[in-house]
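Asker: Shown below is the structure under consideration.
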Amino acid sequence: MLTPQIMLSAYAQGIFPMAESRDAGDLHWVDPRFRGIFPLSNFHISRSLARRIRQGTYTIRTNSEFSGVVRACAERPETWINDQLFGLYDALHQMGHAQSLEVWEGDTLTGGVFGLTLGAAFFGESMFSRRTDASKIALAYLVDRLKVAGFTLFDTQFLTPHLASLGAVEIPRAAYRAQLADALRKAADFNAVAVPAPQLVLQRSSQTS
């Protein structure tokens, strides 16, 4: 039986579980030959995204609706998040090893991203968007938080065209594991950082991208 402790040990070795579908009863381990990562100094904020961030018609929260973010990420025709993973993510959240960053408009959760934390590594699991650019706003604030909090690795598992357009890259398994080992030797605290003003997110992004 897969436990939260076994799951953390697996992530520390560079592998992660997925289900074939929402209704699948089993999980399988994934160890990609090439791994998607976000170099934290390379997140690309387009002019249109910068305008949307400046508008500030949203509120950023962290870990206020973790389970809701996971559910929203799984609300799609095809998902790899089954009931067993739901339970594991919730348990890891209670242990302090799973985090969410959320985009709210009033009382409505419009976008967000969640992932696991271990040492100075953030393992991005999934994101969702119910409004234009909501997931991109979440990623912009997430990357800023990871940099300020001392994280050195943002693992996206796979590289998609969407993530590549924002600055994510693909690296070989050996290079990923070297970065992972280095990140695990360090400490970072996802929750030790305050939510910054929109202008500060844009300013810090322009200084490093």
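The values are calculated or read from the model by the stated rules, or taken from the named source; none is laboratory data. Please read all numbers here as calculations on a predicted model, not as lab measurements. When we count neighbours, we look across all protein chains shown, and the Cβ atoms used for this are built from the backbone with ideal geometry, even at glycine.
Asker: Checking the conditions here, which among 99, 94 is under 22 Å from residue 2 (Cα atoms) and either in a loop (DSSP other than H, G, I, E, B) or free of Cβ contacts under 8 Å to residues at least 24 places away in the same chain (or both)?
Answerer: After applying the criteria, what remains is 94.
Asker: Just need a number here: residues in the stretch 6-21 that are within 20 Å of the chain's Cα centre (by Cα) and farther than 21 Å from residue 176 by Cβ.
Answerer: Number satisfying all stated conditions: 1.
Asker: I've got another one for you. Which of the following residues is surrounded by fewer than 23 Cβ atoms within 10 Å (Cβ to Cβ), modelled with pLDDT under 95, farther than 20 Å from residue 8 by Cα and of a type in the set (Lys, Arg): 71, 76, 61?
Answerer: The unique qualifying residue is 76.
Asker: Same structure again: Can you work out which of the residues in the stretch 150-207 that are closer than 29 Å to residue 132 by Cβ and of a type in the set (Asp, Glu) is surrounded by the fewest Cβ atoms within 10 Å (Cβ to Cβ)?
Answerer: Across the stretch 150-207, the extreme among qualifying residues is 170.
Asker: Restricting the search to the stretch 82-107, which residues are closer than 15 Å to residue 135 by Cβ and either surrounded by 15 or more Cβ atoms within 10 Å (Cβ to Cβ) or aliphatic (A, V, I, L, M) (or both)?
Answerer: 100, 101, 102, 103, 104 - these are the residues of the stretch 82-107 that are closer than 15 Å to residue 135 by Cβ and either surrounded by 15 or more Cβ atoms within 10 Å (Cβ to Cβ) or aliphatic (A, V, I, L, M) (or both).
Asker: To continue, here is another question. Restrict the check to the stretch 114-124 and report whether at least one residue is of a type in the set (S, T, N, Q), modelled with pLDDT of 95 or more, in a strand (DSSP E or B) and over 9 Å from the mean Cα position of the chain (by Cα).
Answerer: yes
Asker: Give the residue that is farthest from residue 12 (Cα to Cα), with candidates limited to residues of the stretch 125-157 that are out of contact with any helix residue (DSSP H, G or I) (no Cβ under 8 Å at 6 or more places or on another chain) and among the small types (Gly, Ala, Ser).
Answerer: Checking each candidate, the answer is 134.
Asker: Criterion first (among the aliphatic types (A, V, I, L, M) and either more than 18 Å from the chain's Cα centre (by Cα) or farther than 21 Å from residue 19 by Cα (or both)) does residue 91 satisfy it?
Answerer: In short, no.
Asker: Please specify each residue of the stretch 88-122 satisfying the condition of being among the hydroxyl-bearing types (Ser, Thr, Tyr), under 14 Å from residue 64 (Cβ atoms) and in contact with a Phe, Trp or Tyr (Cβ under 8 Å, 6 or more places away or on another chain).
Answerer: Within the stretch 88-122, 100, 110 meet the criteria.
Asker: Is it true that residue 135 is in contact with a Phe, Trp or Tyr (Cβ under 9 Å, 6 or more places away or on another chain), polar (S, T, N, Q) and part of a strand (DSSP E or B)?
Answerer: No; evaluated as a whole, the condition is false for this residue.
Asker: When the residues of the stretch 145-192 are filtered to those that are in a helix (DSSP H, G or I), of a type outside the set (A, V, I, L, M, F, W, C) and modelled with pLDDT of 95 or more, which remaining residue is nearest to the chain's Cα centre (by Cα)?
Answerer: 145
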